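In what follows, a single structure is set out as structure tokens and then discussed.
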Amino acid sequence: MNDGSATPSVEQYYSSLESRLGYWLLLGNARHCGYWPPGTLWSFPIGRALRTMEEKLYERLELPAGAKTLDAGAGSGVVASYMAKKGLVVQGIDLTPLHVQDAQRVIKAQGLTSDQITVRQGDYHDLSDVDNASLDGVYTMETFVHADDPLKNTLKEGTYESLLEDAGFTNITVDDYTDNVLPLWRLSGILGSVPYDLMRLVGQEKRFTNIMAGVEAYRHWGQGRYISVRAVNP
């Protein structure tokens, strides 16, 4: 929760009690959507759909066992731990100290070692402490939306592909998962609808970012997409 006077920072948002409780109760402390077959109406069990999405990401990476991989915005370490168990050597960074603490607990609970995975506090806008050409792969799981570049935020649909090409990337592919993540957003929109409308009546909806985002996203579902973008640095 914030004081309602300004948009919360990324760290404030993820550190808020509302955010942490919401992710824990609904997603088992994960920070990403699940993957369901198109047309799914019943979203449970959510945990199985979360693992399916993590597997989709792993398959999209197309990296061999032992590949050095950066999780840029590791959150609570759930995805990074999954990748480590699949055989990747994962270095995770996250902006939020509470996330790093969560990730350390997840890593320990999974029985993973520091040779398999590490997570530290860091900002993916500044990777100056990561050696050039030291990584075999980099991924984000729903954290790229927090990238802070006003110019890039104004790009028209589709022009991000030209942006990647201009940066030297090749083999650019896009998978559309919009229909696959709908069950979770539908659930969030329905559960949050009544409290959100009540909060709007008293002008307090911006204090509860997760509820607001869930309801508004579901009510305006046709205005956006959920995509996976893959590109290769030759």
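I need a count of the residues in the range 175-225 that are surrounded by 12 or more Cβ atoms within 10 Å (Cβ to Cβ) and of a type in the set (Asp, Glu).
Going through the range 175-225 one residue at a time, the tally reaches 4.
Can you find even one residue in the range 89-103 that is of a type in the set (Val, Ile, Thr), in a strand (DSSP E or B) and either touching a Ser or Thr at 6+ places or on another chain (Cβ under 9 Å) or farther than 24 Å from ASP136 by Cβ (or both)?
yes
Restricting the search to the range 75-100, which residues are in contact (Cβ under 8 Å) with a residue 60 or more places away in the chain and under 14 Å from the mean Cα position of the chain (by Cα)?
Hits for the range 75-100 are GLY75, VAL79, LEU95, THR96, HIS99.
Quickly run through the range 20-53 and pick out the residues that are among the charged types (D, E, K, R) and buried (at least 21 other Cβ atoms within 10 Å of the Cβ).
Within the range 20-53, ARG31 is the sole residue that qualifies.
Got at least one residue in the range 177-187 being in contact with a Lys or Arg (Cβ under 6 Å, 6 or more places away or on another chain) and at pLDDT 95 or above?
First, pick out the residues of the range 177-187 that are in contact with a Lys or Arg (Cβ under 6 Å, 6 or more places away or on another chain): 178.
Of the ones still in play, those that are also at pLDDT 95 or above are 178.
Yes, the range 177-187 contains at least one residue that is in contact with a Lys or Arg (Cβ under 6 Å, 6 or more places away or on another chain) and at pLDDT 95 or above.
Go over the candidates GLY47, GLY92 one by one and state the one that is closer than 30 Å to LEU17 by Cα, in the same structural domain as PRO183 (by the TED database) and small (Gly, Ala, Ser).
Numbers: GLY92 fails: in the same structural domain as PRO183 (by the TED database).
Selected residue: GLY47, the only one of GLY47, GLY92 that is closer than 30 Å to LEU17 by Cα, in the same structural domain as PRO183 (by the TED database) and small (Gly, Ala, Ser).
Tell me the residue from ILE211, ILE190 that is within 24 Å of SER76 (Cα to Cα) and assigned to a helix (DSSP H, G or I), please.
ILE211 is the lone residue from the list that is within 24 Å of SER76 (Cα to Cα) and assigned to a helix (DSSP H, G or I).
Of all residues in the range 196-208, how many are part of a helix (DSSP H, G or I) and touching a helix residue (DSSP H, G or I) at 6+ places or on another chain (Cβ under 6 Å)?
Selection size over the range 196-208: 3.
State whether the residues of the range 87-105 include one that is surrounded by 14 or more Cβ atoms within 10 Å (Cβ to Cβ) and among the hydroxyl-bearing types (Ser, Thr, Tyr).
yes
Identify, please: which residue in the range 33-71 is closer than 20 Å to THR173 by Cβ and in a loop (DSSP other than H, G, I, E, B) and is, among those, nearest to the chain's Cα centre (by Cα)?
Ranking the candidates gives CYS33 first.
Of the conditions (1) touching a helix residue (DSSP H, G or I) at 6+ places or on another chain (Cβ under 6 Å); (2) of a type in the set (A, V, I, L, M); (3) farther than 28 Å from SER9 by Cα, ALA74 fails just one. Which one is it?
Going through (1) touching a helix residue (DSSP H, G or I) at 6+ places or on another chain (Cβ under 6 Å); (2) of a type in the set (A, V, I, L, M); (3) farther than 28 Å from SER9 by Cα one by one, ALA74 breaks only (3).
Would you point out the residue of the range 214-234, among those that are in contact with a strand residue (DSSP E or B) (Cβ under 9 Å, 6 or more places away or on another chain) and either without any contact (Cβ under 8 Å) to a residue 60 or more places away in the chain or in a helix (DSSP H, G or I) (or both), that is farthest from GLY137 (Cα to Cα)?
Per the stated criteria, the residue is ARG225.
The values are calculated or read from the model by the stated rules, or taken from the named source; none is laboratory data. These numbers come from a predicted model, not from an experiment. Positions of Cβ are generated from backbone atoms using ideal geometry, with glycine treated the same way; all protein chains shown enter the neighbour counts.
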